[in-house]
1. Taking only the stretch 17-69 into account, find how many residues are polar (S, T, N, Q) and under 24 Å from LYS6 (Cβ atoms).
2. Give me the pairs: first residue in the stretch 5-34 and of a type in the set (Lys, Arg), second residue surrounded by 10 or more Cβ atoms within 10 Å (Cβ to Cβ), beta-carbon distance under 6 Å, and six or more apart or on different chains, which are they?
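Derivation of every value follows stated rules applied to the coordinates shown; laboratory data play no part. In this text the structure is predicted, and so the values were computed from the model without any measurement. We place every Cβ from the backbone using ideal geometry, glycine too, and count neighbours over all the protein chains shown.
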Amino acid sequence: MREEIKKMSVEQLASLGIENTVYIKPVVENGVTAFAVHNAAGATVGVLPTETAAQATVLAHDLKQATLH
């Protein structure tokens, strides 16, 4: 199943509700760690100063947070 998902187009993923799924990842901006919120396609949709702020933003916008390993 994992290989099939990797081969899906953005449109196919969106049809599965992926447009509402995001992930949070630490990033370094200007020498400071911040937390970027990315959509399922990998585009950054926001950068916040703390992980807590990023998670609160995700919840406030009724998005689903995916966990990356």
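1. So the first thing to find is which residues in the stretch 17-69 are polar (S, T, N, Q), and the list is 20-21, 30, 33, 39, 44, 50, 52, 55, 57, 65, 67.
Among the residues that remain, those that are also under 24 Å from LYS6 (Cβ atoms) are: 20-21, 39, 44, 65, 67.
Residues that pass the stated criteria total 6.
2. LYS25/ALA36
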